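Reading through the structure tokens given below for one structure.
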Amino acid sequence: MKMITTTQELAQACAKLANSDFVTVDTEFLRETTFWPKLCLIQIANPDYAVLVDALAEDLDLEPFFALMRNTDIVKVFHAARQDIEIIYHLGGFVPSPLFDSQVAAMVCGFGDSVSYDQLVSKVTGEQIDKSSRFTDWSRRPLTNKQLAYALADVTFLRDVYLFLKKQLEQKGRDHWVEDEMATLSSVDTYRSDPAKAWQRMKLRVRKPRDLAVLKELAFWREQEAQKRDIPRNRVIKDDAIFEVATQKPATAEALGHLRTIPRGFERSRHAEDILNAVKRAMAAPEDELPEIPRGRPSPDGASAAVDLLKVLLKMKSESFGVAPKVVATVDDLDKIASTDGADVQALSGWRRELFGDDALRLKRGEIGLAFNGRQVVICEQGEPVERVENTSRRRSGGKSSKSKS
């Protein structure tokens with residue numbers, strides 16, 4: 001099985017691939033020893049043609065591939081698209097559009113939360129993917145025919161999956177549900193790595209504004225250093241060390257070297273000076289300019305029980321409409337809804353509000369309840385006998401369930 005290794009071959013292949021209204025795309029990459037993903041292989045297919053591109057081939061220019069990804073007349077179909085798009089954004093400087101993520105679409109069509117590609121292929125096509133090449137080192141050359149066949153299957157089966165899900169969405173009238181989700185995937189902000197926001201990815205273990213100021217300076221420095229050197233963040237300095245420096249605030253190399261989380265001899269490296277300068281900047285900040293410690297919103301009495309009740313409603317609604325609960329509302333959404341009717345969450349807007357949000361607020365206000373009807377949990381209007389609930393539920397959902405067969 002041959003891989004494309006020259007720019008001319010890639011240009012010819014992309015010209016063929018462009019003769020369709022959609023292409024399926026996948027990438028194989030490594031990032032264990034780098035900050036940025038190292039692209040190794042690109043797989044692309046349309047209904048009649050499929051190719052493998054050796055992204056490590058010497059002198060290969062990926063511009064024909066980028067041009068295909070920029071073509072707005074062609075839908076780019078991925079499964080669990082975020083990491084693939086991150087690579088394209090990093091190397092090409094743009095986000096492909098329009099997009100279709102089969103994992104998101106599958107959740108909307110009732111295949112459960114975060115369904116894997118091989119599970120989805122099995123349910124849609126009945127085919128089983130050989131996963132023995134799953135942990136391949138895609139940077140090694142040559143790749144075996146078995147490894148290449150495994151990689152190609154990531155886009156050839158995806159064609160049938162896409163057509164199936166597209167039809168399901170059209171039949172259920174849920175095209176716009178997926179479009180809402182694609183808006184986040186299509187946003188450049190999703191893939192930007194802003195060093196000034198690097199501290200937000202850390203689970204905070206500081207309690208004082210001055211400590212947080214030091215932590216933010218250190219996280220900013222580490223992010224820039226990791227990007228510049230293209231190494232994982234923890235290869236620069238580990239999270240535990242950042243937290244210890246933030247709380248101990250060493251002013252000298254000797255004090256830095258005495259910290260438990262700092263490797264022996266690190267205080268003599270050039271990075272030690274960077275860390276001490278970061279501490280110095282944070283210590284020089286005026287009191288009135290120090291960052292506030294993020295505080296969790298206090299939950300009202302009974303909020304925990306309210307969230308549990310909302311979870312039951314969410315599960316019931318999701319099963320009724322054949323959609324994964326994760327797509328409708330997160331636990332954080334439920335917590336915010338339990339705290340305030342005006343919560344700024346996706347679950348209280350658009351189709352999610354129609355499916356779940358309005359009833360969530362009604363349940364919270366006591367206008368409706370939940371009851372057992374046989375083995376089913378059903379919505380019961382206030383004062384309504386349980387035996388009438390089933391008919392009421394049918395009227396509310398249009399007399400039929402939209403749950404898909406999976």
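The values are calculated or read from the model by the stated rules, or taken from the named source; none is laboratory data. Only a predicted model underlies this, so the values are computations on that prediction, with no experimental measurement involved. When we count neighbours, we look across all protein chains shown, and the Cβ atoms used for this are built from the backbone with ideal geometry, even at glycine.
Ala149 meets all of the listed conditions (1) at pLDDT below 95; (2) more than 30 Å from Arg192 (Cα to Cα) but one, namely (1).
Restricting Asp154, Asp175 to those that are among the acidic types (Asp, Glu) and modelled with pLDDT of 95 or more reduces the list to Asp154. Residue count for the stretch 12-40 satisfying the condition of being buried (at least 17 other Cβ atoms within 10 Å of the Cβ) and in a helix (DSSP H, G or I): 3.
Would you confirm whether or not the stretch 41-54 contains a residue that is more than 17 Å from the chain's Cα centre (by Cα), assigned to a helix (DSSP H, G or I) and among the hydroxyl-bearing types (Ser, Thr, Tyr)? Within the stretch 41-54 (the criterion being more than 17 Å from the chain's Cα centre (by Cα), assigned to a helix (DSSP H, G or I) and among the hydroxyl-bearing types (Ser, Thr, Tyr)), the answer is no, since none of the residues qualifies.
Here Ile129 clears all of (1) within 29 Å of Leu355 (Cβ to Cβ); (2) surrounded by 12 or more Cβ atoms within 10 Å (Cβ to Cβ) except the condition numbered (1). Here the stretch 320-342 is the region considered, the condition is being surrounded by 19 or more Cβ atoms within 10 Å (Cβ to Cβ) and farther than 17 Å from Met107 by Cβ, and the residue that is farthest from the chain's Cα centre (by Cα) is Ala338.
Candidates are the residues of the stretch 140-160 that are of a type outside the set (Ser, Thr, Tyr) and surrounded by fewer than 19 Cβ atoms within 10 Å (Cβ to Cβ); the one that is nearest to Ser116 (Cα to Cα) is Asp160.
When Glu223 is tested against (1) assigned to a helix (DSSP H, G or I); (2) out of contact with any Pro (no Cβ under 6 Å at 6 or more places or on another chain), only condition (2) is not met. The set of residues in the stretch 58-82 being surrounded by fewer than 16 Cβ atoms within 10 Å (Cβ to Cβ) and of a type in the set (Gly, Ala, Ser) consists of Ala67, Ala80. Checked against the criterion of being among the aromatic types (Phe, Trp, Tyr), loosely packed, with under 12 Cβ neighbours inside 10 Å and out of contact with any Gly (no Cβ under 9 Å at 6 or more places or on another chain), the candidates Phe372, Phe356 yield just one match: Phe372.
In the stretch 178-216, the residue that is modelled with the highest pLDDT out of those that are of a type in the set (A, V, I, L, M) and not in a helix (DSSP H, G or I) is Met202. For the stretch 305-319, the set of residues classified as under 27 Å from Leu165 (Cα atoms) and crowded, with 20+ Cβ neighbours inside 10 Å consists of Leu313, Leu314, Lys317, Ser318, listed by residue number. Restricted to helices (runs of 4 or more DSSP H) entirely inside the stretch 58-110, those with at least 2 residues that are of a type in the set (Val, Ile, Thr) and in contact with a strand residue (DSSP E or B) (Cβ under 9 Å, 6 or more places away or on another chain) are 82-92. A Cβ distance below 8 Å, combined with a sequence gap of six or more or placement on separate chains, defines the contacts here; from the stretch 1-27, residues that are under 21 Å from Lys76 (Cβ atoms) reach residues that are among the hydroxyl-bearing types (Ser, Thr, Tyr) in the pairs Ala13/Tyr49; Lys16/Tyr49; Leu17/Tyr49; Phe22/Tyr162; Thr24/Thr156; Thr24/Tyr162. Ser186 passes every criterion in (1) closer than 24 Å to Leu91 by Cα; (2) loosely packed, with under 13 Cβ neighbours inside 10 Å; (3) touching a residue at least 40 places away in the same chain (Cβ under 8 Å) apart from (2).
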